[in-house]
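The values are calculated or read from the model by the stated rules, or taken from the named source; none is laboratory data. Everything numeric in this text was worked out from a predicted model, so none of it was measured. No Cβ is skipped: glycine too gets one built from the backbone with ideal geometry, and neighbour counts run over all protein chains shown. The accessibility values were calculated without ligands, DNA or RNA, using every heavy atom of the protein model including side chains. Shrake-Rupley method; radii C 1.70, N 1.55, O 1.52, S 1.80 Å.
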Amino acid sequence: MKRGILASLLLIIVLVADQWLKIWVKLNMQMGQHFNIFGEGQDWGQIYFTENPGMAFGLELGGEYGKLLLTSFRLVAVSIMSVYLYQIIKKKKGRTLISSVSFILAGALGNILDSVFYGAFFTESPIHGGLAEVTAFGEGYAPLLYGRVVDMFYFPLLEGDYPAWMPFVGGKHFLFFQPIFNLADASISLGVFLIIFCYQDFMETVGNPPKEEEKAEAISPVVDQEEPTVLEEEEKPKPSVEEQIGLEIDLEEEDDD
């Protein structure tokens, strides 16, 4: 598959799936409502509707200006990442690198759409107080750029109490993996994991490995390619048979003397 097509497919699939799921949750669930993904009694995997005004996995910057700063930073980061993705596709870098950047970019774009537009197009989602609705632009719960990111995946995989003998936390209650996240967050994490677990391939594609011709030249021994233009010594003609016989006679006479 061509690199440009691969990147486009990943971006489209992640963005469409992420936005469809967020809009469905926003319009069909009340804030705080949840249900089990894998059936009754399987509380370790849930769809749990919540919103956060900040970063991935519920992290946030405080205050009104913190939200604006975060959204602005996202827009700048996505612009830079888009240019970078275009460049590595054009340079025909490895598909692992292109896939990882595509996943990260798609996730960032998915959360940006929430931050920029959701506040302007949706009404408020009150806690256990009704469903949100689509409204005319500018009549939503927040101005442009101040929307909240919709989160829904919740996986409390392990819950219990720390043993009493453990220092500092002994006897306290714990819940493993508390963050609530969305598909865009998962896409960003997948892109980062691709870079980590395929580190060797990633570094080879990030650099500029020599072409095959350059490798062959580097491996081949250095040969002096300068050719002599003039022979140092011209080849002497071979003596004739009579000359050879005369030389032999002269040598014999010298020996006799």
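Evaluate E = 1/(1 + (r/R0)^6) for F176 and K2, where r is the Cβ-Cβ distance and R0 equals 30 Å; express this FRET efficiency to the nearest 0.05.
Details: r = 42 Å, r/R0 = 1.39.
That gives a FRET efficiency of 0.10.
For L9 and E40 in the same chain, what is the full-extension length gain: residue separation times 0.36 nm, less their Cα-Cα distance, in nm? Don't skip to the answer; put the middle values down first.
Values: separation 31, 0.36 × 31 = 11.16 nm, distance 3.51 nm.
Extra length from L9 to E40 when fully extended: 7.6 nm.
Under the shape rule built on the C-alpha gyration tensor, where the axes satisfy a ≥ b ≥ c, region 55-186 is oblate, since a/c reaches at least 1.5 while a/b does not exceed b/c. When the residues L97, L190, L145, L6 are ordered by accessible surface, computed with a 1.4 Å probe over the protein chains alone, the sequence from largest down reads L190, L145, L6, L97. Once you have a ≥ b ≥ c as the square roots of the Cα gyration tensor eigenvalues for region 108-203, tell me rounded if a/c is under 1.5, and otherwise prolate or oblate according to whether a/b is larger than b/c. Oblate, since a/c reaches 1.5 and b/c is not below a/b.
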